Amino acid sequence: MRQRAGAFVRQHPLLGGALAAVAAVSTCRVSLWVGLVACVVVGLVASWLLGKRAACLALACAVAAGGSFSIRQSETRRATDLLLSAGRPRSAVSARLTEDPKLSSQGWSALARLETEGLPGSVVLWCGSGEVPVSGSEVQGWGRFSAAEPPRNPGEFDEPAWLVRQGAAALFLADREGGRVSTGKWAARAAAVKRGFRAAVTDGLEEDSREANVIRAVVIGEYPRDDDEVVAAFRNSGTLHVFSVSGLHVAMVGMAAWFFLKLLGVPRRVSIPLLIALMFGYSWITGNSPPAVRSAWMAAVFLSAFMARRRPDLLNALGAVLLGAAVWDGRLLGQAGVQLSYGVVAAIGLWGGWFSRKLGKFAEPDSYLPKALLTNWQMRWFGAKRWVTDSVAVSCAAGLGSTPLTAWHFGLVTPIAVIASLFMIPVVFVLLVCGLVSAAVHPISPEVARVVNQANAKVAWACSGLAEKLAEVPGASLTIPRGERPFLLVYDLDYGAGAACFAASDGVVMMDCGDKFAFRRVILPSMRSFGLSPDSVVLSHPDGGHIGGGSTLLESAPIHQVLLPVDRSRSPAFRSWRGDGLKAILAQQGMQLPFPDGATLEVLHTPDPLAWDAIADERVAIFRLNWRGWRILFVNDAGLRTERKLLASGKDLKADILIAGHHRGDLSLGDDFIKAVAPRAIVASNSPHPPEERLDSRKVAWWRRSGIEVFDQRATGGVTITPKDDGSLLLKGFVDGRELRLNRP
């Protein structure tokens, strides 16, 4: 084993140095002392395999990468402390954007490097409004520095961790007034080129059409955020990587350009520098994403071997780029996209040849038949078979590299990806080449470019249709369950939005789905982190904060049935639940519906069906979940009028846990109602905005004096309710970690 490992490292010395650097960076994330121990271990292993000289080189790589990472982390932490202590500076703050901004409903945000005297010249996430700048622009404005808000729900996007990976020290929340944007000549020209490229590849197509979205996603890497159905199809077919400019795209651009230059008869020594420049140019014009930049550098190293008349080595090229990235800024290695990019290439380099040799046997002619006797058609036939087996070999190797990472980061495994790549990659290649041809022709002849785009739209339609068909194959994708099941997760959402998720081994049910923003930012990432795929939905009332995320939910999960609280509503979001192929059940008082894990949902109250023009909070259905002998009451946003109707009905309202929101225009959770329910614990939402959604502290004090345990979600965040083997029920807050165990009375 020692000899084989030593021979492998001798054959790929740069990869060995890169692995030493990665080990140092990974351990320095824990602590500097652990990193130092790892450097010593790396040196000892290298000495055992190859000797003292190799040990010195490996130790140098590890110390350089680990030291660079630790220094950067230390500088960022010091900058964070200084900026947060500065709070709101007395003078205007200036910075220069290092990327193009991302737009949102509240304005725009982008990473920027501070250029204000007296402040550290570190990177911050600048959150502004008004005029949208471009990469390289100087922005100036008044505002305050702030730390990023940590996640408040399990699986929610972790903005502080993301900022750390980007090397950002803090947020800068710019005031809406008094800001200024200055764009230099070169930055303006660069932005104009990028805008022109984006416009050219879809000129002649409807801006928001599916075909235009797919073309922009493949050619530019612009994620189609408003077309979740097509995104889900590509994700579940294991081909979502075509929506981000990465090594695949850079390689395709290089292949297309190589073929074109070869047709023109350009010599190799001239072609290779042109190819390298073209690949870096494509990476730049599409936003210089880390995987694209990595691929361009790797291609440059790989192709330079031809210039030096050396045999190129994929793993050595990967090692050179990985080592450079680890030494330059090891924080990049924490990004999922970067890990996938490096992991897939490493897997192809390690196992691609083995798969090719094994599968290549099926593409070879009979060993007793001399190749000189083969006809042209036979040669083409065996050549086509060889192409197929080589493609399958690359797909298998790439699958080995990507599957553990996609399972770890996204809780998803897509066995269909190996086969999907065979069909999808040729289509994506044609789509990408057509897009580049259109962009090249557009400045000369926009009419010809539009014709190319119209043809490319058909390719994009075929591409999305193929992804949908592949995603429908049984077993195409598998979600990996995470966390202990069954559980009920009550989300903590802003602005009065509400949602909960009931998950068991035999099914998942969403109970409301929040508003559109909350579903995209909180609920959907949470579902994916747990490997949840709901097929049923229970809606409490036609309020946008509880059903606004429905269109996205319907596109991202296989929803088959929905329980509606009312039959009619003026809400546009409510009408999306009347779609074809969706079984709609109208809630009726006394109805009991089966739930996963043997639970039942009991409908205690339904709103007046004739009051369809009343406000949403007056049209609330009340549910009680009966689960393993425990009763959980969902009053949602019901107000005093609804509570009085329930009390007047004489029904048994008792429950062990009460989960409540807020009525925007009426009192809720009155004393008589609480006494009738007699809960042992209350989970109450408490959003700071708007004021109507705030929880009354006097009520909370009275509940606690009455012996009721209160989970104020402003303090606890999302609350997970889990039944235990001993029959007890465990409630746990995500933010403060508070736990409450309810035992059988």
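Every number in this text was worked out from the coordinates using simple rules, so none of it is lab data. Predicted, not measured: the structure shown is a model, and the values here were computed from it. Note: ideal-geometry Cβ built from the backbone for every residue, glycine included; neighbour counts use all protein chains shown.
What three numbers, in Å, describe the spread of the alpha carbons of the range 2-81 along their principal axes, ordered from the longest?
Extents along the principal axes: 50, 19, 17 Å.
Per residue, what volume in Å³ does the Cα convex hull of the chain take up? Spell out each step's value before the answer.
Working: hull volume 162.3 nm³, N = 745.
So the per-residue Cα hull volume is 218 Å³.
With 10 angstrom as the radius, rank Glu222, Glu229, Glu692 by how many other C-beta atoms surround their C-beta, starting from the fewest. Show your work: numbers first, answer last.
Details: Glu222 19, Glu229 15, Glu692 12.
So the ranking, lowest neighbour count to highest, is Glu692, Glu229, Glu222.
Taking every pair of distinct Cα atoms and averaging 1/r, then inverting, what Kirkwood hydrodynamic radius in Å comes out for the range 487-742?
Working: mean 1/r = 0.0552 Å⁻¹.
Final number for the Kirkwood radius of the range 487-742 is 18.1 Å.
Per DSSP helix of 4 or more residues, -39500 (n - 2.57); summed, then divided by the residues of the chain. What does that give at 222 nm, rounded to the nearest 500?
Values: 24 runs with 356 residues, N = 745.
Mean residue ellipticity, 222 nm, calculated: -15500 deg cm²/dmol.
Measuring from centroid to centroid over Cα atoms, what is the spacing of the range 528-558 and the range 60-123 in Å?
Here the two parts' Cα centres lie 37 Å apart.
May I ask you to derive the FRET efficiency for Ala611 and Ser576 from their Cβ-Cβ distance with R0 = 30 Å, giving the value to the nearest 0.05?
Details: r = 22 Å, r/R0 = 0.72.
That gives a FRET efficiency of 0.90.
If you split all Cα-Cα distances of the range 335-413 into 10 Å bins from zero, what percentages do you get per bin, shortest first?
The percentages, shortest bin first, are 19, 35, 23, 14, 8, 1.
Just tell me which aspartates and glutamates come within less than 18 Å, Cα to Cα, of Lys732; anything on the same chain fewer than 8 places away is out.
Counting by Cα, and skipping residues close in sequence, Lys732 has these aspartates and glutamates nearby: Glu156, Glu484, Asp492, Asp656, Glu709, Asp712.
Can you give me the convex hull volume of the Cα atoms of the range 208-328, divided per residue and expressed in Å³?
Details: hull volume 16.0 nm³, N = 121.
With only Cα atoms used, the range 208-328 gives 132 Å³ per residue.
Dividing the Cα convex hull volume of the range 528-588 by residue count, how many Å³ per residue is that? Present the calculation step by step, with values, prior to reporting the outcome.
Numbers: hull volume 5.3 nm³, N = 61.
So the per-residue Cα hull volume is 86 Å³.
Work out Dmax and Rg for the range 617-744 from the C-alpha atoms and quote the Rg first, both in angstrom.
14.2, 42
Summing +1 for each Lys or Arg and -1 for each Asp or Glu, what net charge is found among the other residues whose Cβ lies under 14 Å from the Cβ of Gly590? Write down the numbers at each step before the final one.
On the way: positive: Arg624, Lys651; negative: Glu602, Asp652.
The answer is 0.
If you rank Lys185, Lys358 by fewest surrounding Cβ atoms within 10 Å, what's the result?
Numbers: Lys185 7, Lys358 12.
The fewest-first ordering by Cβ neighbours comes to Lys185, Lys358.
For the range 37-165, what log10 I(q)/I(0) values come out of the Debye formula at q = 0.11, 0.18 1/Å, with one point per alpha carbon and no solvent?
Values, matching the q order: -0.56, -0.99.
Calculate how large, on average over all directions, the projected area of the Cα convex hull of the range 521-633 is; give the answer in nm² to one decimal. Please list the in-between numbers first.
Details: hull surface 29.9 nm².
Result: 7.5 nm².
Is there a pair in Lys583/Lys675; Lys102/Lys262; Lys675/Lys724; Lys262/Lys469 whose C-alpha atoms are over 29 Å apart, and which pairs would that be?
Working: Lys583/Lys675 37 Å; Lys102/Lys262 39 Å; Lys675/Lys724 27 Å; Lys262/Lys469 37 Å.
Over 29 Å Cα-Cα: Lys583/Lys675; Lys102/Lys262; Lys262/Lys469.
Taking the Cβ of Leu340 as the center, what net charge do the other residues with Cβ under 15 Å away carry, scoring Lys and Arg +1 and Asp and Glu -1?
Details: positive: Arg165, Arg235, Arg294; negative: none.
So the environment of Leu340 carries a net charge of +3.
Just to be sure I understand the rule: take each whole DSSP H helix in the chain, project its Cα atoms onto its long axis, keep it if the span is 20 Å or more and its mean Kyte-Doolittle hydropathy is at least 0.5. Which ones pass?
13-28, 32-50, 247-263, 268-285, 290-307, 314-329, 336-360, 417-441
In the neighborhood of Val508, defined by Cβ-to-Cβ distances under 13 Å, what is the net charge if each Lys or Arg adds +1 and each Asp or Glu adds -1? It would help to have the intermediate numbers written out before the result.
Details: positive: Arg482, Arg485, Arg528; negative: Asp506, Asp535, Asp597.
Summing Lys and Arg as +1 and Asp and Glu as -1 gives 0.
Going through the cross-link list Lys654/Lys699; Lys458/Lys516; Lys651/Lys699, which pairs have a Cα-Cα distance over 22 Å in this structure? Walk me through the numbers before you get to the answer.
Working: Lys654/Lys699 19 Å; Lys458/Lys516 31 Å; Lys651/Lys699 24 Å.
Flagged as over cut-off: Lys458/Lys516; Lys651/Lys699.
Find the Cα radius of gyration of the range 181-254, compare it with 2.2 N^0.38 Å by division, and give the number to two decimals. Write out the running numbers ahead of the final one.
On the way: Rg = 14.4 Å, N = 74, 2.2 N^0.38 = 11.3 Å.
Ratio of Cα Rg to 2.2 N^0.38 Å: 1.28.
Given the Cα atoms of the range 607-681, and with Rh set as the inverse mean 1/r over their pairs in the Kirkwood sense, what is Rg to Rh to two decimals?
0.97
With just the Cα atoms defining each centre, how far is the range 389-424 from the range 229-260? Give it in Å.
13
Of Ser271, Ser505, how do they rank once you tally other Cβ atoms within 10 Å and put the fewest first?
Values: Ser271 19, Ser505 10.
Arranged by neighbour count, lowest to highest, Ser271, Ser505 become Ser505, Ser271.
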